[in-house]
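K.L.:
First the structure, then my questions, so here it is.
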Amino acid sequence: MRVLTGIQPSGKLHIGNYFGAIKPMLELQESSDLFIFIANYHALSSLHDGETLKQNSLDAAIAFLSLGIDPERSTFWLQSDVKEVLELYWILSAFTPVGMLERAHSYKDKIAKGLSPNHALFAYPVLMAADILLYDANLVPVGKDQKQHIEITRDITLKFNNNYGEILTLPEFKIDEELATIPGIDGAKMSKSYNNTIEIFTTPKALKKRCGKIVTDSTPLEEPKDYRNCNVFALYKLFANEDEIEEMKQRYQSGKEGYGHFKVSLSEKIWEFFAEANERRSYYEAHIDEVKDILSEGAKKARAVAKEKMEIIRDKVGILEERR
Ligand code: ADP
Ligand code: TRP
């Protein structure tokens, strides 16, 4: 079973990303043939600063390696290192009705937010289809916002196969409806667009300060507190084991401590949880050539699959191979 997913190299990762996307990905790495890449061509549709795009791409690679993507186990590469994806993108665009792209929510949302409606933004789902179909992915785990894109991929696949026979693998998507939405420091969904995140890669001091900003009610220190509706407790639960959770409940009920104490305990727990990842990140930042080597090795593995697939596809659609 080949599972494939792409990562947008955008901004700093937060603990909502970790529990909503990264942790499930790490679990899949244990049980399947995971193909995972940094979607830098996709990022170009809305990021037009070359240095920033380069930096974001490497930052994303470092972050995912630090959090546990294992290049020995999984195929991990930079999308742009396998150029075949652009060729397939063009071929697939010949099977993509314009109306389908016009109906894409993600495109409409981006335009509504004020992004300029460039063609890459419009054609974004076709490049995603190429990402998926080039590697014969069986399963694509994505967040809810990407569901329609995978439906578009499935549509394109059926249109292509209808014409040429069963050449492309029809992918399934996997959307984990059960995954909890992690709250931010204001209690709303944690999201970089709401400025309410707690970042994964940080320092103990900054983390403590950030946790100090979590919104709570104003129950005085000496009164028992309700852990059920508390953002601090909701976050603490993600990082603590059963015993620690019980102990925290007692502390809430005892009326001996205030929210400030709980926030400190939370920040210590988060720091402990990501301490190793933070260390690995510092290591990779100081050894950036190692990161580039890992990506090159990943691209080699991905390219081998892509080359074989493209030969079949070119032949079917009638693109002559170079004559020697
Ligand atoms: P953001 O909302 O910060 O822009 P993204 O849209 O880039 O985050 O999300 C990347 C991945 O992380 C998606 O798979 C998304 O479902 C997951 N994710 C983001 N925020 C949360 C959250 N608060 N709770 C659970 N999962 C989240
Ligand atoms: N569009 C996806 C996102 O924003 C990233 C992505 C690009 C992707 N190509 C993909 C995800 C192929 C799954 C499969 O999160």
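K.L.:
Please give the net charge around PHE273, taking every other residue with its beta carbon less than 15 angstrom from that of PHE273, where Lys and Arg add +1 and Asp and Glu add -1. Intermediate results must be reported in sequence, preceding the final value.
P.N.:
On the way: positive: LYS23, LYS208, ARG210, LYS237, LYS269, ARG280, ARG281; negative: GLU199, GLU244, GLU268, GLU272, GLU276, GLU279.
Net charge around PHE273: +1.
K.L.:
Compute a Gaussian network model of the chain, connecting alpha carbons closer than 10 Å, and tell me which residue from LYS113, LYS174, LYS269 fluctuates the most.
P.N.:
Of LYS113, LYS174, LYS269, the Gaussian network model singles out LYS113 as fluctuating most.
K.L.:
Rank these for me by crowding, CYS230, CYS211, going from fewest to most other beta carbons within 10 Å.
P.N.:
Working: CYS230 21, CYS211 24.
Least crowded to most crowded, the residues run CYS230, CYS211.
K.L.:
Let me ask something else about it. If I stretch the segment between GLN8 and HIS261 completely, what's the gain in nm (0.36 nm per residue apart, minus their alpha carbon distance), one decimal?
P.N.:
On the way: separation 253, 0.36 × 253 = 91.08 nm, distance 3.64 nm.
Separation in residues times 0.36 nm, less the Cα-Cα distance, equals 87.4 nm.
K.L.:
Could you give the length gained by full extension between ASN241 and LYS301, i.e. 0.36 nm per residue of separation minus their alpha carbon distance, to one decimal place? Mind showing how you got there, number by number?
P.N.:
On the way: separation 60, 0.36 × 60 = 21.60 nm, distance 3.87 nm.
Taking 0.36 nm per residue and subtracting the Cα distance, the gain is 17.7 nm.
K.L.:
With springs connecting C-alpha atoms under 10 Å apart, model the chain as a Gaussian network and identify which of LYS147, LYS213, LYS301 has the largest mean-square fluctuation.
P.N.:
Maximum among the listed residues: LYS213.
K.L.:
Using only the alpha-carbon atoms of the chain, report the extent along each of the three principal axes, biggest first, to the nearest angstrom.
P.N.:
83, 42, 37
K.L.:
Measuring from label point to label point, each 7 Å out along Cα→Cβ, what is the LYS209 to GLU72 span in nm?
P.N.:
For LYS209 paired with GLU72, the spin-label model returns 3.9 nm.
K.L.:
Ok, one more. Give the whole-number value, in cubic angstrom per residue, of the convex hull volume spanned by the C-alpha atoms of the stretch 202-273.
P.N.:
Values: hull volume 5.5 nm³, N = 72.
So the per-residue hull volume is 76 Å³.
K.L.:
How large is the helix-only mean residue ellipticity at 222 nm for the chain, computed as the sum of -39500 (n - 2.57) over DSSP H runs with n ≥ 4, divided by its residue count, in deg cm²/dmol to the nearest 500? The partial results should precede the final answer.
P.N.:
On the way: 13 runs with 178 residues, N = 324.
Calculated mean residue ellipticity at 222 nm is -17500 deg cm²/dmol.
K.L.:
For every other residue with a beta carbon closer than 13 angstrom to the beta carbon of ASP226, add +1 if it is Lys or Arg and -1 if Asp or Glu, then tell me the sum. Each step should come with its number before you reach the end.
P.N.:
Details: positive: LYS225, ARG228, LYS249, ARG251; negative: ASP217, GLU223.
It works out to a net charge of +2.
K.L.:
Figure the gain on full extension for LYS189 and ARG314 (residue separation times 0.36 nm, minus the Cα-Cα span) and round it to one decimal in nm. All intermediate terms of the calculation are to be shown ahead of the outcome.
P.N.:
Numbers: separation 125, 0.36 × 125 = 45.00 nm, distance 4.50 nm.
Value of the extension gain: 40.5 nm.
K.L.:
Ranked by Cβ crowding within 10 angstrom, fewest neighbours first, how are LYS205, LYS110, LYS225 ordered?
P.N.:
Details: LYS205 10, LYS110 19, LYS225 23.
Sorted ascending by nearby Cβ count, the order is LYS205, LYS110, LYS225.
K.L.:
Based only on other Cβ atoms within 10 Å, what is the fewest-to-most ordering of TRP77, TRP90, TRP271?
P.N.:
On the way: TRP77 24, TRP90 13, TRP271 18.
By the 10 Å Cβ count, ascending: TRP90, TRP271, TRP77.
K.L.:
Net charge within 11 Å of ASP59 by Cβ-Cβ distance, Lys/Arg positive one each and Asp/Glu negative one each, not counting ASP59 itself? Walk me through the numbers on the way to the answer.
P.N.:
On the way: positive: LYS12, LYS54, ARG281; negative: GLU285.
Around ASP59, the charge tally is +2.
K.L.:
Turning to a different aspect of this structure: With springs only between Cα atoms under 10 Å apart, run a GNM on the chain and tell me which of GLU279, GLU223, GLU297 wobbles the most.
P.N.:
Among GLU279, GLU223, GLU297, the largest mean-square fluctuation in the Gaussian network model of the chain belongs to GLU223.
Every number in this text was worked out from the coordinates using simple rules, so none of it is lab data. As the structure is a prediction and not an experimental result, all values here were calculated from the model. Glycine also receives a Cβ, built like all others from the backbone with ideal geometry; neighbour counts cover every protein chain displayed.
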